[in-house]
1. Taking into account only those residues within the range 110-143 that are open to solvent by less than 40 Å² (accessible area, probe 1.4 Å) and either among the hydroxyl-bearing types (Ser, Thr, Tyr) or not in a strand (DSSP E or B) (or both), which is farthest from residue 71 (Cα to Cα)?
2. If you scan the range 63-95, which residues turn out to be β-branched (Val, Ile, Thr), farther than 26 Å from residue 134 by Cα and without any contact (Cβ under 8 Å) to a residue 40 or more places away in the chain?
3. Condition first: open to solvent by 30 Å² or more (accessible area, probe 1.4 Å), within 17 Å of residue 146 (Cβ to Cβ) and not in a strand (DSSP E or B). Now tell me which residues in the range 71-88 satisfy that.
4. Which of (1) touching a strand residue (DSSP E or B) at 6+ places or on another chain (Cβ under 7 Å); (2) outside any strand (DSSP E or B); (3) surrounded by 10 or more Cβ atoms within 10 Å (Cβ to Cβ) is the odd one out, the single condition residue 91 does not satisfy?
5. What is the one condition in (1) more than 15 Å from residue 149 (Cα to Cα); (2) assigned to a loop (DSSP other than H, G, I, E, B) that residue 98 does not satisfy?
6. Kindly evaluate residue 147 against the criterion of being open to solvent by 80 Å² or more (accessible area, probe 1.4 Å), under 27 Å from residue 60 (Cβ atoms) and assigned to a strand (DSSP E or B).
7. Of the conditions (1) within 18 Å of the chain's Cα centre (by Cα); (2) closer than 25 Å to residue 144 by Cα; (3) at pLDDT below 80, residue 115 satisfies every one except a single condition; which number is it?
8. May I ask you to list the residues in the range 1-46 that are at pLDDT below 70, in a loop (DSSP other than H, G, I, E, B) and surrounded by 10 or more Cβ atoms within 10 Å (Cβ to Cβ)?
Amino acid sequence: MMNILYFLLISTIGAFAAPVDPLSNFFRDKTKIEKPFELRDPFKAPQNKVEKDKEKQGYFISGKGQYSNINEPTIKTVDEIKVVGVLIGKERRAIVSPEKGTIIIVKEGMKIGDDGAELKAILPGGVILVEKITNVYGQEEYLETVIPISK
C-alpha cells in the first residue's frame, strides 16, 4: 500500500515539474516581434479588409467597365416593385417605382433584383417577370410573376 502512495506522489510531483513547451519561449530572445505566429504569410496576397465606401469614391460602378458619377436607384427584390406606367412602341419600356418618390425605367430582358429575375414581357396592363429557382427536390423551376399597373 505504501509503495502505491509513494509511486503516485512521485508521478504527480514529476508532472508538475515538467518543463513548459520549449517553442513558446523560442523567439523571445531572437526577435522583437511580439507574436510572430500571428503574422500573415508573406507569400500570399493580402486580403481586402473592407471595401471602400462607394459614396466616398465619387463614382459608382454600374456594370463591368461602366463607371458613373450619377447614383441610380436599384431594385433589390421583386416584392418592392410598383409599376407606375408602360410605354408601348418600337422599344417597350416600363416605369417602375421601388420606393416612394423614385422611378426607374426598365426594358425587356433586364435582370431585376438580387435574385436575377428577368423582365420577359411588357404588356399594356403590366409586366411579366421570370425567376429561376431551385425547388426542394433540387430541380430548377421557372417562376412567373405578373405585376399589374398600380393605381
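1. Across the range 110-143, the extreme among qualifying residues is 135.
2. Residues of the range 63-95 β-branched (Val, Ile, Thr): 70, 74-75, 77-78, 81, 83-84, 86, 88, 95.
Subset that is farther than 26 Å from residue 134 by Cα: 70, 83-84, 86, 88, 95.
Those that are β-branched (Val, Ile, Thr), farther than 26 Å from residue 134 by Cα and without any contact (Cβ under 8 Å) to a residue 40 or more places away in the chain: 70, 88, 95.
3. Going residue by residue through the range 71-88, those that are open to solvent by 30 Å² or more (accessible area, probe 1.4 Å) are 71-74, 76-77, 79-80, 82, 84, 86-88.
With within 17 Å of residue 146 (Cβ to Cβ) added as a condition, the list becomes 77, 79-80, 82, 84, 86, 88.
Of everything in the range 71-88, those that are open to solvent by 30 Å² or more (accessible area, probe 1.4 Å), within 17 Å of residue 146 (Cβ to Cβ) and not in a strand (DSSP E or B) turn out to be 77, 79, 80, 82, 88.
4. All conditions pass for residue 91, except number (3).
5. Unmet for residue 98, out of (1) more than 15 Å from residue 149 (Cα to Cα); (2) assigned to a loop (DSSP other than H, G, I, E, B): (1).
6. On the way: open to solvent by 80 Å² or more (accessible area, probe 1.4 Å): no; under 27 Å from residue 60 (Cβ atoms): yes; assigned to a strand (DSSP E or B): yes.
No, not satisfied.
7. (3)
8. 26, 27
The values are calculated or read from the model by the stated rules, or taken from the named source; none is laboratory data. Everything quoted here is computed from the prediction, not taken from an experiment. Methodologically, a virtual Cβ is constructed for each residue, glycine included, from the backbone with ideal geometry; neighbour enumeration extends over all protein chains shown. Heavy atoms of the whole protein, side chains included, go into the accessibility calculation; ligands, DNA and RNA do not. Shrake-Rupley method; radii C 1.70, N 1.55, O 1.52, S 1.80 Å.
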